[in-house]
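> Can you keep this structure in mind? I'll have questions shortly.
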Amino acid sequence: MELPVFLRVPAKCSGGELDAFESLVKVGGEVNLDGIRNRIENAYFLAWVSEGGGELVGIAALKKPNENYRSSIFHKAQSKEEPSNFEVELGWIFVRKEFRKNGLATKLVEKLFSVNNSKGVYATTRENNDPVLPLLRNFGFVQSGFQYPSTEGNYDLVLHIKPV
């Protein structure tokens, strides 16, 4: 059964949809949760897949990072790129375990990129996030700079960029 992918600007989402999205961000467990609802509501676009009962099984977003955060990521990674050339952050990619290996993450990112053609995009991942690294490569992302320590766990992060 083909599960539909939904795409909306946060302002057009219901409170229930925002709650469900936020819930899956939290299940993913790799995000600083301070101000998470505000960051979700300020994203450019949210994408999700839901099963028959309406429960979300996968999410992704094109986030609108603030300038200081974005600059700090590029600085920590020692990237030679200009952070202001990458106004969009691809993130919160998460698919529930029982729905993985069905191409849902690819469908979510495809849907998001169907509406973003004019801005450079970056993403950060755990250095050993084996499912997401090939996904990013398939969408034209390349590593920029070096690994750097995460503030959310005992692992390193990697900055990936997708120039326009």
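All of the numbers you see were taken from the coordinates with simple rules; none came from a lab. Model, not experiment: these values are computed from the prediction. All Cβ positions, glycine included, derive from the backbone under ideal geometry; neighbour counts span all protein chains shown.
> Mind pulling the angle between the C-alpha long axis of helix 67-76 and the longest principal axis of the chain? Nearest 10 degrees, somewhere in 0 to 90.
Helix 67-76 sits roughly 60 degrees off the main axis of the chain.
> Same structure again: Sequence gap at least 6, Cα distance under 8 Å: using those rules, report the relative contact order of the chain to the nearest whole percent.
21 percent
> Turning to a different aspect of this structure: Take each of the peptides 45-58, 13-26, 145-158, 86-99, average the number of other beta-carbon atoms within 10 Å over its residues, and list them starting from the highest.
Final packing ranking: 86-99, 45-58, 13-26, 145-158.
> Ignoring everything except DSSP H segments at least 4 long, calculate the 222 nm mean residue ellipticity for the chain; use -39,500 (n - 2.57) per segment, divide by total residues, nearest 500.
-8000 deg cm²/dmol
> Let me spell out the model: positive unit charges on the Cβ of Lys and Arg, negative unit charges on the Cβ of Asp and Glu, origin at the Cα centre of the chain. What dipole size does that give, in debye rounded to 20?
With only Lys, Arg, Asp and Glu charged at Cβ, the dipole is about 260 debye.
> May I ask you to evaluate 6.51 cos²θ - 1.76 cosθ + 1.60, the Karplus curve with θ = phi - 60°, for each residue of the range 54-66 and list the ³J(HN,Hα) values in order in whole Hz, giving x for glycine and proline?
Coupling constants for the range 54-66: x, 6, 5, 10, x, 9, 6, 8, 9, 8, 10, x, 6 Hz.
> On to the next question. Among all the lysines, which ones have a C-alpha under 19 Å from Lys97's C-alpha, if same-chain residues fewer than 8 places away are not counted?
List returned: Lys26, Lys107.
> Hey, what angle do you get for helix 104-113 against the long axis of the chain, alpha-carbon based, 0 to 90 degrees rounded to 10?
For 104-113 against the chain, the angle is about 70 degrees.
> Determine ³J(HN,Hα), in whole Hz, for all residues of the range 44-52 in sequence, where each value follows from phi through the Karplus function 6.51 cos²θ - 1.76 cosθ + 1.60 and θ = phi - 60°; x replaces Gly and Pro.
After applying 6.51 cos²θ - 1.76 cosθ + 1.60, I find 5, 8, 10, 10, 8, 10, 10, 8, x Hz.
> Pull up the cross-link candidates among the aspartates and glutamates for Lys76, meaning alpha carbon to alpha carbon under 12 Å and not fewer than 8 places away within one chain.
Hits, sequence-local ones excluded: Asp156.
> If you don't mind, another one. Specify the angular offset, from 0 to 90 degrees and rounded to the nearest 10, of the alpha carbon long axis of helix 15-28 from the longest principal axis of the alpha carbons in the chain.
The helix 15-28 is inclined about 50 degrees to the chain.
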